[in-house]
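Quick notes on the structure that follows.
The values are calculated or read from the model by the stated rules, or taken from the named source; none is laboratory data. Note that the structure is a prediction, hence the values are computed from the model and not measured. Here the Cβ positions follow ideal geometry from the backbone for every residue, glycine too, while neighbour counts run over all protein chains shown. Accessible surface is based on the protein model in full, side chains and every heavy atom, while ligands, DNA and RNA are left aside. Shrake-Rupley method; radii C 1.70, N 1.55, O 1.52, S 1.80 Å.
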Amino acid sequence: MHIVIMGCGRVGSALARALEKQGHSVAVVDQDPTAFRRLGAGFNGRRVTGVGFDQDTLKEAGIEEAGAFAAVSSGDNSNIIAARVARENFGVENVAARIYDPRRAEVYQRLGIPTVATVRWTADQMLRRLLPSGAEPLWQDPSGAVQLAEVAYAPEWVGHRVSELEAVSGARVAFVTRLGEGLLPSPQMVVQEGDLVHVMLRRADLTAVEAAFAQGPQKEGH
């Protein structure tokens, strides 16, 4: 996948190196050409000097072929504008914006842009939003037999009840994060776009649960 990153500070440079290490092609955009020094001599991706929400700059960075876009500059407004341009003008599917003011998170989420607040930001969190797949373990009991994990799900689950996820996977949905707020699932709760689903499961069942979530709901008659 080709991924464009706006901002080459400590966060952006670390993210760029991590993504390239995973085999992705990466382009980094920053207004300050000296910022690219943080990438190191071993970085083989594109370095594009310019404003991260300028369409010509984004095109130079390969946004038209990009499967993901991360806005991690030092400005909240710049990040959200750039994220919206990537999503709305270029149709990039996986977009994430870093923000400093967590009070704005709900507003941005309603615009369809997953946000990661600085107070809980890590490179792993941003990677998770850009490359949603499988499960991310969050906690396990001392024996390691039981885990709490955030499990990615197929888009087809949106509009289906959380209880259906439980039925096909055999796991228990512990809570759902929606617009930055943790919610305990009710029998009637329906998966909404942007929800993060946190599941309690046996470690031995992890692969099967990932597969069930990734497959999507079964159509009637199958």
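The 3J(HN,Hα) values that the Karplus relation (6.51, -1.76, 1.60; θ = phi - 60°) gives for the stretch 58-75 are, in residue order, 5, 4, 4, 7, x, 4, 5, 10, 6, x, 7, 9, 10, 9, 10, 6, 7, x Hz. Gly and Pro appear as x. 3J(HN,Hα) along the stretch 146-163: 10, 10, 9, 9, 8, 10, 6, 10, 5, x, 5, 6, 4, x, 9, 6, 4, 4 Hz, from the Karplus curve 6.51 cos²θ - 1.76 cosθ + 1.60 with θ = phi - 60°, whole Hz, x for Gly and Pro. Leaving out ligands, DNA and RNA, and with a 1.4 Å probe, what % of the accessible surface on the stretch 1-69 is carbon or sulfur? Within the stretch 1-69, the accessible surface is 44 percent carbon and sulfur.
Per-residue surface analysis assigns M1 an accessible area of about 100 Å², computed on protein heavy atoms at 1.4 Å probe radius. Each residue of the stretch 197-214 was assigned a 3J(HN,Hα) from its phi angle through the Karplus curve 6.51 cos²θ - 1.76 cosθ + 1.60 (θ = phi - 60°); the sequence is 9, 10, 10, 8, 8, 7, 4, 5, 9, 4, 4, 5, 5, 4, 5, 5, 5, 6 Hz, with glycine and proline shown as x.
Built from the Cα atoms of the stretch 1-86, the convex hull projects on average onto 4.7 nm², one quarter of its surface area. Label-to-label distance for S74 and N89 is 2.4 nm, based on points extended 7 Å past Cα in the beta-carbon direction. So if we plug the beta-carbon distance of Q31 and E181 into 1/(1 + (r/R0)^6) with R0 = 30 Å, what FRET efficiency do we get, rounded to 0.05? E between Q31 and E181, to the nearest 0.05, is 0.30.
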